[in-house]
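Values in this text are rule-based calculations from the coordinates and carry no lab data. As the structure is a computational prediction, the values presented were derived from the model and not from experiment. Counting neighbours? That spans all protein chains shown, and the Cβs are built from the backbone with ideal geometry, glycine included.
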Amino acid sequence: MKRILLAEDEENIADFVCRGLESFGFEADRASRGDEAWEKLQTKDYDLAVLDIRMPGMTGLDVCRLLRRQQGYALPVIMLTALGTTDDIVLGLQAGADDYMVKPFKFTELVARINALLRRVESYRQTPPLTCGDLSIDAVSHKAKRQDTEVDLSTKEYRLLEYLMRHEGQTLTRRQLLRDVWDKDFDTNTNVVDVYVRYLRQKIDEGFEPKLIHTIVGVGYCFSREDRL
C-alpha cells in the first residue's frame, strides 16, 4: 500500500482528501502545519507528498525546498495552491514540486496525478543515463553533466530537458511541450515554456559550444548538436 503525506491546514479539505485517498487504497497521513510536515518527512517513509503552499509554521514551498536540498528528488511532490498565475506556478515548480493543482480541484484529477507520478518514479528507477554528445542526464539524481561540469535540475527542468533530448533534431511547438511535459492544457498565452527553456540554457548552454537548445521563431524549440540558424 502506497503511503501519502497530506500537508493541509484547512480541516475540511484535509478530511475530505484523506478519506478519498483511503477509499482508493492509499494510506494517508496528515499534517496541519508546515513544520509538522517537515518533521514527518524526516522520520517516516512516504511514496508521495501533497503540500499546500500556505500553511502555518512553514510554507509548502519551504518544506519542498528543504526536502530537495536534503533528500534529493526521489519523493514526488504535488503542490496545492489557490494561486494560478504563471509566476506562482513557476515558483512552486522551482521549489522542486513535480506537479501542482489549483484550488478548488476535482479529487479524481488529484488521484490521477498521484498515480501518474508514482508510475513515473518507477520508470525513472529503471532508466539508464541519457546522453547526447557531451551532455548526459541522470533520472534518479536529476543531475546533468556537460563536459566536466555537473548541475542540479529541478523536476520540471529535468523532464523538459529529457523530452528535448529524446526528440533531438525535431522542432517542438510550445503547445506540444505544455501538453507532454506539463501534462496540462494550459492557456496558450502562458510563457512557462519560455521561462524553463531560459533556465535550461543558463545551466547547460551558457559557456559551452555548440549550443544545444535552439529557438525556432514563431514555432517553438529544437534540441540539436547542429547549428539551426
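Rounded to a whole number of µm²/s, how large is the Stokes-Einstein D of the chain at 10 °C and 1.306 mPa s, given Rh as the Kirkwood radius over C-alpha pairs?
86 µm²/s
Straight-line cross-link reach from Lys2 at under 15 Å between alpha-carbon atoms covers these aspartates and glutamates, not counting any fewer than eight positions away in the same chain: Glu22, Glu27, Asp29, Asp45, Asp47, Glu122. Excluding residues fewer than 8 places away in the same chain, name every one of the lysines whose C-alpha is closer than 23 Å to that of Lys145. The reachable lysines, counting only those whose Cα sits under 23 Å from Lys145, are Lys156, Lys203, Lys211. Here the residues Glu150, Glu157, Glu209, ranked from fewest to most Cβ neighbours within 10 Å of their Cβ, fall in the order Glu209, Glu150, Glu157. Label reach from Phe208 (point 7 Å along Cα→C-beta): in the stretch 160-177, amide nitrogens under 16 Å belong to 160-169. Taking a cut-off of 14 Å between Cα atoms, list the aspartates and glutamates near Lys184, but don't count ones fewer than 8 places away on the same chain. Lys184 reaches Asp98, Asp99, Glu109. Residue by residue, the stretch 7-19 carries 3J(HN,Hα) couplings of 10, 8, 8, 7, 4, 5, 5, 4, 4, 4, 5, 4, 4 Hz when phi is fed to the Karplus relation 6.51 cos²θ - 1.76 cosθ + 1.60 (θ = phi - 60°); x denotes Gly or Pro.
Under 5 Å between amide hydrogens, built in the peptide plane, is the criterion, and for Lys103 it picks out Thr81, Ala82, Leu83 among residues at least 5 positions away or on other chains.
Projecting label points 7 angstrom from Cα along Cα→Cβ for Lys106 and Glu150 puts them 4.3 nm apart. Along the stretch 37-54 the Karplus relation, 6.51 cos²θ - 1.76 cosθ + 1.60 evaluated at θ = phi - 60°, assigns HN-Hα couplings of 4, 5, 4, 5, 5, 7, 10, 10, 9, 10, 9, 6, 10, 10, 10, 6, 5, 9 Hz to successive residues, with x for each Gly and Pro. Length gained on full extension, Arg19 to Thr127: 35.5 nm, using 0.36 nm per residue less the C-alpha separation.
For the listed peptides 130-137, 49-56, a ranking on the average number of other beta carbons within 10 Å per residue, highest first, reads 49-56, 130-137.
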